[in-house]
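A.B. asks: One structure, as structure tokens, below. Some questions next.
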Amino acid sequence: MTRTGKCDTCRLRKVKCDEQKPKCSACQKRDRPCAYSYGKVSALVVEDPNLLSKHGKPKVAPLVYPLISYSDSSSASSPSSDLRVTAERAADEGQGVFKTFTPASKERQLRVRKPTAQQRRKLHAYLTQLRAASTLQSRLSSSESVLITRYMGLLGSLPLNEKPLMILGSWILSIPSRIGANPVVDLAVEYLVDQFAVYRDDNFSNRRLALASKAKALEELQLATSDDKSWRTYDTVLAMKLHYSAEVLVGMRSLRHVIHGAALAEILKLGPVAGLDEEHYWGFLDNTYIDDVVEAMVSGRTSVYDNDFYLSMTYPPSPPTCTELDNLALRFSVAMMHILIQVPRLVCIVRHCINNPANARVLALAVTLSESLWHAVPVNLMHQLLRKSTTVVEIPPSPDISDIISDSFHFDSIESMTLVSRFWMLQHYLCGLIQSIYQHFPILATDSLLPDLATLYAIDIDAAINQARCVQYALNLCPSFPLVPLRVHVPLEVAIGAWHRLSQRLSRAPKALGSSSVSPAGLNGLEEILKAQRMEDWIVETISCIHDQWDVHPMTNQFLKKFMQESVEAMCGGPIPDWLPLRVSFTCEEGDMVMKLEYDLPGPMIEKMYGKPEESWTRSTTTSLPFPVSDSQDSVPTESFPSE
């Protein structure tokens, strides 16, 4: 028998409903709209029985008088989300249209989907097959000495501090001494050098050789990660990083390097691995964690490295174990990691404050964390490193902006360039977030220990100018193997936020555009706006060139600019862009790790750039929520923590 008291959502889904009001338990648990309209009179329809056809259909459109319900508040439905029209057609008879609505956006918690029993059985069968085949032991296509020689050729003949692969860290220099000790590393090195041969000379023979070495290397890596004794070892993470580098050489459009990056984060988030090389481990970690931090900031989650172990390990008074504790670059990178791994958490908190301005406790937490991170920025170490490793050359980053920036930086090593550009990127993050706090909560921000707006504006633009000064060195170091631009790629994308904020700020100023008679202040404001827009266009053009070099999905400069602007707005606590996937999952299909991407509803931005996505993207959070669960209503956010 049909129940008349069920809510509309449960009735449509054909599930049980406890009929609680104003929102039933099922709708409250999944945060669905809940309304009780079944069986209620909603309109009065007036028809003339003399104007009906022989089949009972009205020849003239009936008159419809909607009725307004004045029922008590207990029967009121929960507020519905904003809707957008996706389809519309006119009625066949009479007046009116039929419209189809879909939610414009959903605040849905990203959850880790557990593998199904069928997926587990397939994976178990595949690993069993691999173990049986491994008794024959995979052998290298060449001897160990030949592999070492080929790897040294990959490193190149440039000075040690200028080798392009040094963007990965000093650990790449230790690989020759590790060849022959573990097949998972040997086969990963072989795949890397074979893929480098394809990068140099893309022909059928080289591609076939690279695919064969990739198959053997992946099988060995899958066996290593499936073994409880070897999955958290230094050799395993080295092999993953080598696979990551090889997939970058293939091209970034396939996103296969992201699979290895996610696996590295899953292993390293638990702390140091077994058998690590203390001399090079910090360099390995320092050039790995930053990828997760950047992704976490855009996707609305905390960093996997934001845990007690890494926070205590990087706390300034206790740097990690190393043979050179007085090393300036080491102390500088440790201090920055301590701050950077907490910035995604601050982004989540600021976004929650903007969406829930009445939550005083979370607002206080946002201001306190902002103060703590701002005062922990290692400015003194930065100045020391800059004086020690940098030379100013009278060459502009580009002739197009020579009137804005007339010189560039030349660094003594790739490591120095990476560290200082990362420092300025950190300043962009904090300046953008603190400016968001000032914009939405000016009184609280003014009464806090946060820097004033004038200081923030100056530091933000100064960091953006310095980011541009790094580009000339990165682009010209080794044009035949342009790996170094990948280290300024993300900082330069973040720097566009400073110019975007400057342009918006001056455009909102009352005297910026002036009237018919432009004042000197207004004229100066117009000039600054034009400079900011020129800098944005130059950054977009530079990023587009780097994308072309590494086979990133092509898009017009107009869409690329909007893409980067929406990204930096999300990093400042703004809404998460609609082109980001709702979830990312990794499954094993026929021996190959497949990344599945799932979108909720494709927004206009992603449809313009990529068309309607046919495959599904799925990236789930790989860390716990940034806040503890609490029953108090005014507590910090719990599992219903909004993502936008």
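A.B. asks: Could you go through the stretch 171-177 in sequence order and give the Karplus-derived ³J(HN,Hα) for each residue, using 6.51 cos²θ - 1.76 cosθ + 1.60 with θ = phi - 60°, rounded to whole Hz, and x for Gly and Pro?
C.D. replies: 5, 5, 6, 8, 4, x, 6
A.B. asks: Compute the signed sum of charges (Lys and Arg +1, Asp and Glu -1) over the other residues within less than 9 Å, Cβ to Cβ, of Asp186.
C.D. replies: So the environment of Asp186 carries a net charge of -2.
A.B. asks: Shifting gears a bit: Packing-wise, with mean Cβ within 10 Å as the measure, how do 242-253, 374-385, 345-356 rank, highest first?
C.D. replies: 345-356, 242-253, 374-385
A.B. asks: Also: Where does each of 197-209, 293-305, 566-578 land if you order them by average Cβ count within 10 Å, highest first?
C.D. replies: 293-305, 566-578, 197-209
A.B. asks: Can you give the net charge of the other residues whose Cβ lies under 13 Å from the Cβ of Ala454, counting K and R as +1 and D and E as -1?
C.D. replies: -2
A.B. asks: Decide, for the stretch 313-571, between rounded, prolate and oblate: order the square roots of the alpha carbon gyration tensor eigenvalues as a ≥ b ≥ c, take rounded if a/c falls under 1.5, and otherwise choose prolate if a/b is larger than b/c, else oblate.
C.D. replies: Since a/c reaches 1.5 but b/c is at least a/b, the shape of the stretch 313-571 is classed as oblate.
A.B. asks: Using the 10 angstrom Cβ neighbour count as an exposure proxy, how do Leu502, Leu211, Leu192, Leu255 rank, fewest first?
C.D. replies: Going from sparsest to densest Cβ surroundings: Leu211, Leu255, Leu502, Leu192.
A.B. asks: Label the stretch 137-287 by shape, choosing from rounded, prolate and oblate, from the square roots a ≥ b ≥ c of the eigenvalues of the Cα gyration tensor; if a/c is under 1.5 it is rounded, and otherwise prolate applies when a/b is larger than b/c, oblate when it is not.
C.D. replies: Since a/c stays below 1.5, the shape of the stretch 137-287 is classed as rounded.
Read the figures in this text as sums done on the coordinates, not as results from a lab. In this text, all values refer to a predicted model and were calculated from it rather than measured experimentally. Please note: Cβ atoms are built from the backbone with ideal geometry, for glycine as well, and neighbour counts cover all protein chains shown.
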